[in-house]
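The values are calculated or read from the model by the stated rules, or taken from the named source; none is laboratory data. Computed from a prediction, not measured in an experiment: that's the story for all the values here. For neighbour counting, all protein chains shown are included, and Cβ atoms are generated from backbone atoms with ideal geometry for every residue, glycine included.
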Amino acid sequence: MFQIIFNDVSAAEMAGMPKPLQLEIMAEFQFLPEDFDAQRDGEKYGRLEREGVVYYRFRTPDYRIYFQKTDQGLIVHRILHKNTLKDFLFRTKLPIGEDEALQDQAGFWQLLDEPTKR
């Protein structure tokens, strides 16, 4: 069975959104794990890797959802408004792609690791 699991931080992020927005974001999860394994262009799903662990970035029109694929399903780590990441890249003036830029930033990994260190 395929499940979408929200950690404490991503669940709190979702709970802080209006119900219609929550439903809109959940409606974006109309895919199977095989979909992002089979993709080639990185347009819909970004792929970040650290210490052998693969994280994915899923783009909705206004949000970026960061998650891991596990045997249990997808574990959602963060749900961030797209302007948050754009602002980050603009402020740091990184001349490379979004996934590469994020992968090399310690602050980004701290953002994803936040719930696991409690």
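Structure data summary
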| read-out | value |
| --- | --- |
| Cross-chain or 6+ apart pairs with Cβ under 6 Å, the stretch 99-113 first and under 15 Å from residue 84 (Cβ atoms) and aliphatic (A, V, I, L, M), then modelled with pLDDT under 70 and surrounded by fewer than 16 Cβ atoms within 10 Å (Cβ to Cβ) | 101/94 |
| Qualifying positions in the stretch 69-106 - modelled with pLDDT of 60 or more and farther than 20 Å from residue 59 by Cα | 71, 72, 106 |
